[in-house]
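Working notes for the structure below.
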Amino acid sequence: MTSTPRRIRMHPADNVAIVANDGGLASGAAFDDGLVLRERVPQGHKVALVDIPAGGAVRRYDVVIGRALKDIPAGSWVHERLLHMPEARGLDDLPMATRARAPSAPLEGYTFEGYRNADGTVGTRNVLAITQTVQCVAGVTEFAVDRIKKELLPRYPNVDDVVALEHGYGCGVAIDAPDAKIPIRTLRNISLNPNFGGEVMVVSLGCEKLQPERLLPPGSIPLVDQRDGQAQAALDVVCLQDNAHVGFMSMVDSIVRQAEVHLRRLDARRRETVPASELVVGVQCGGSDAFSGVTANPAVGFCTDLLVRAGATVMFSETTEVRDGVAQLTSRAATPEVAQAIVREMAWYDDYLQRGSVDRSANTTPGNKAGGLSNIVEKAMGSIIKSGTSAISGVLSPGEKLPHKGLFYAATPASDFICGTLQLAAGMNLHVFTTGRGTPYGLAEVPVIKVATRTDLARRWHDLMDVNAGRIADGEASVEDVGWELFRLMLDVASGRKKTWAEQWKLRNQLVLFNPAPVT
């Protein structure tokens, strides 16, 4: 990369820009227009383009991300210690469905090879998932899954994997509290994820509060095509406290024996050509930096628009990371009812944070700040870009399942692990994850495509990042170029023609159920 000082300004009205050069720029570095740095500025951090008086607005993305706490001369490093963060936008008098775009021309002719399920959904992988009702059974299930992978999985070559849906819920909780519905429906809907082929197997302890019939009541399991003219939707439960179990190995044997029934059916499945409209993509960012809103997230946003044009479903989430852009979201809602649903979720989360005596400023991490993000306002502007420009057609509360196709705001906390868990529950069959600081995040249940915001990260983590969006900042590719690259990679990954780095290394983060209800 050239050593000529370079900066990136997101909007003509901005009075700050970020330094683009690897390693940052030293004091005295001069830009083409004559601006000279008064001090060293790290890569991704902001430099004042003009003199900003104390109390003056600091603008990035044409949004006020803070007020100067003292005079900031042109050429100065603008960081969080110099800014007073503005208050969050109120939830009254918002623009409601005022900027919803008319649908763009359909994007036709794109397909992938997927697994068609009996309920009409499509999986991108063929996985046996073993649901657990309570953490108590996790050790036994883990031992059994290890045996299944070693002894049974080689006999069923069309099955991609066996995973245990481990979590920390199920007992010692206020199971009848109003908000308990959130973790319960989350686990229920994850058990029915399209990548599991409708095969539902449960391991229960026996005495837990979350009984199998409460987790998966009658009628909640779709009929499973058994390829022999029969259909069955019975709840298959291995209960460890069953009197028939004598000793540890008898429990393990029961799990292994029942797993083979499901493996046999899954192995009979074959991929078939399906339209790209069957993709259900969850987009998320983690370890964000100032380049997230410049490179990776805009490319994902462009790809989001391509997916929506192809008839697919895309979810964006992370409530605290879009809260400061709520007016952008409500204005893009397809209908006033969708806009009101966005407001409802924001209000619920505001109240949730208030009950915990914290506010949205708690979101930004030391890594975010080291990467140039001064506060949650700046972070939010870069995060929202992942959602593209299409009309928002629906809103999901935490743990809910997608009712139809289109662009959805799936309300989740910003935690990578909780967000990914809730997007799985919604029906995600492919995940896109952008990162600037770097994270080895992965999920066992769906493929995770990782997009680096900077070339330096893509170079150092060459066997963890699938797409280098840093080429946009380097001037080697456009947002559109990387967006199309990502779109085509999605089709290849969904078809099983390519494996992501997270899949190759078997990187698997634990599921985390969002539980706002009391623990007893």
Rounded Å value of the spacing that divides the Cα centres of region 376-432 and region 255-323: 10 Å
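Compute the length gained on full extension between SER250 and ASP32: take 0.36 nm times their separation in residues and subtract their Cα-Cα distance, giving the result in nm to one decimal. All intermediate terms of the calculation are to be shown ahead of the outcome.
Numbers: separation 218, 0.36 × 218 = 78.48 nm, distance 7.43 nm.
Using 0.36 nm per residue and subtracting the Cα-Cα distance, I get 71.0 nm.
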Inter-label distance for GLN504 and GLU476, nm, one decimal - labels placed 7 Å from Cα along Cα-to-Cβ: 1.8 nm
The chain, helix-only ellipticity at 222 nm - DSSP H runs n ≥ 4, -39,500 (n - 2.57), divided by all residues, nearest 500: -8000 deg cm²/dmol
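What shape does region 368-520 take by its C-alpha gyration tensor, where a ≥ b ≥ c are the square roots of the eigenvalues and a/c under 1.5 counts as rounded, a/b above b/c as prolate, and the rest as oblate? Please report the intermediate quantities before stating the final value.
On the way: a/c = 1.41, a/b = 1.32, b/c = 1.07.
Rounded, since a/c falls under 1.5.
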Proximal aspartates and glutamates relative to LYS498, as straight alpha-carbon distance under 19 Å, when same-chain residues fewer than 8 apart are discounted: GLU113, ASP160, ASP161, GLU272, GLU278, GLU445, ASP463, ASP466, GLU485
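How large is the convex hull of the C-alpha atoms of the chain per residue, in Å³? Kindly include the intermediate steps, with their values, before the conclusion.
Numbers: hull volume 79.1 nm³, N = 520.
Convex hull volume per residue, Cα atoms: 152 Å³.
Starting from the eigenvalues of the Cα gyration tensor, five times each then square-rooted, give me the equivalent ellipsoid semi-axes of region 251-376, largest first, whole Å. Write out the running numbers ahead of the final one.
Details: eigenvalues 251, 105, 69 Å².
They are 35, 23, 19 Å, listed from largest to smallest.
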HN-Hα J in Hz across region 115-131 - Karplus 6.51, -1.76, 1.60, θ = phi - 60°, x for Gly and Pro: 9, 6, 9, 5, 8, x, 6, 10, x, 9, 9, 10, 10, 8, 9, 10, 7
Prolate/oblate/rounded label for region 1-81 (Cα gyration tensor, a/c 1.5): prolate
Globularity ratio of region 434-499, using Cα Rg and 2.2 N^0.38 Å: 1.10
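Please give the per residue accessible area of the chain, computed with a probe of 1.4 Å over protein heavy atoms only, in Å². Kindly include the intermediate steps, with their values, before the conclusion.
On the way: 20140 Å² over 520 residues.
Accessible surface, normalised per residue, equals 39 Å².
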Gain on full stretching of the segment that runs from ARG264 to CYS171 - 0.36 nm per residue minus C-alpha separation: 30.2 nm
With every protein chain in place, region 337-484: carbon and sulfur % of accessible area (1.4 Å): 53 percent
Between 0 and 90°, nearest 10: helix 248-267 axis offset from the chain longest Cα axis: 80 degrees
Between helix 296-309 and the chain: long-axis angle, C-alpha atoms, 0 to 90°, nearest 10: 60 degrees
Long-range HN-HN contacts of ARG60 with modeled amide H, under 5 Å: ILE65
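In whole percent, how big is the carbon plus sulfur part of the accessible area of region 63-115, probe 1.4 Å, protein atoms only?
Details: 1580 of 3210 Å².
The C+S portion of the solvent-accessible surface of region 63-115 is 49 percent.
Of LYS46/LYS499; LYS150/LYS499; LYS401/LYS450; LYS369/LYS401; LYS401/LYS506; LYS46/LYS506, which ones are farther than 32 Å apart at the Cα? Intermediate results must be reported in sequence, preceding the final value.
On the way: LYS46/LYS499 37 Å; LYS150/LYS499 21 Å; LYS401/LYS450 24 Å; LYS369/LYS401 34 Å; LYS401/LYS506 26 Å; LYS46/LYS506 37 Å.
Correct reply: LYS46/LYS499; LYS369/LYS401; LYS46/LYS506.
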Rg to Rh quotient for region 74-122, alpha carbon positions, Kirkwood Rh: 1.29
Rounded to whole Hz, the Karplus (6.51, -1.76, 1.60) HN-Hα couplings of region 168-173, x for glycine and proline: x, 9, x, 7, x, 10
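Given Cβ point charges of +1 (Lys, Arg) and -1 (Asp, Glu) and nothing else, what value in debye, to the nearest 20, does the dipole of region 1-139 about its Cα centre take? Provide the component values of the computation, followed by the final result.
Working: 16 positive and 15 negative charges, 40 e Å.
Roughly 200 debye for region 1-139.
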Angle between the chain longest axis and helix 479-494 axis [Cα atoms, degrees, rounded to 10]: 10 degrees
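Do me a favour and compute the ellipsoid semi-axes for region 100-217 from its Cα gyration tensor, root of five times each eigenvalue, largest one first, whole Å.
Its equivalent ellipsoid spans semi-axes of 30, 24, 10 Å.
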Where N is the number of residues in region 26-67, Cα Rg divided by 2.2 N^0.38 Å: 1.27
Label point at ARG99 placed 7 Å out along Cα→Cβ; residues across region 35-70 whose backbone nitrogen lies under 14 Å: 61-64
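Taking the Cβ-Cβ separation of LEU235 and ARG81 as r and a Förster radius of 51 Å, what is the calculated FRET efficiency to the nearest 0.05?
0.35
How much of the DSSP bridge set in the chain is antiparallel, in percent, rounded to the nearest 5? Mind dumping the intermediate values first?
On the way: 25 of 60 bridges.
Looking only at bridges with both residues in the chain, the antiparallel portion is about 40 percent.
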Efficiency of FRET between ALA13 and ALA362 - r from beta-carbon atoms, R0 30 angstrom, step 0.05: 0.55
Derived scalar couplings ³J(HN,Hα) [region 313-321; Karplus, 6.51 cos²θ - 1.76 cosθ + 1.60; whole Hz; x for Gly, Pro]: 10, 10, 10, 10, 9, 6, 3, 5, 8
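The values are calculated or read from the model by the stated rules, or taken from the named source; none is laboratory data. Since we're looking at a predicted model, the values are computed, not measured. No Cβ is skipped: glycine too gets one built from the backbone with ideal geometry, and neighbour counts run over all protein chains shown. Note: areas computed on protein heavy atoms with side chains; ligands, DNA, RNA excluded. Shrake-Rupley method; radii C 1.70, N 1.55, O 1.52, S 1.80 Å.
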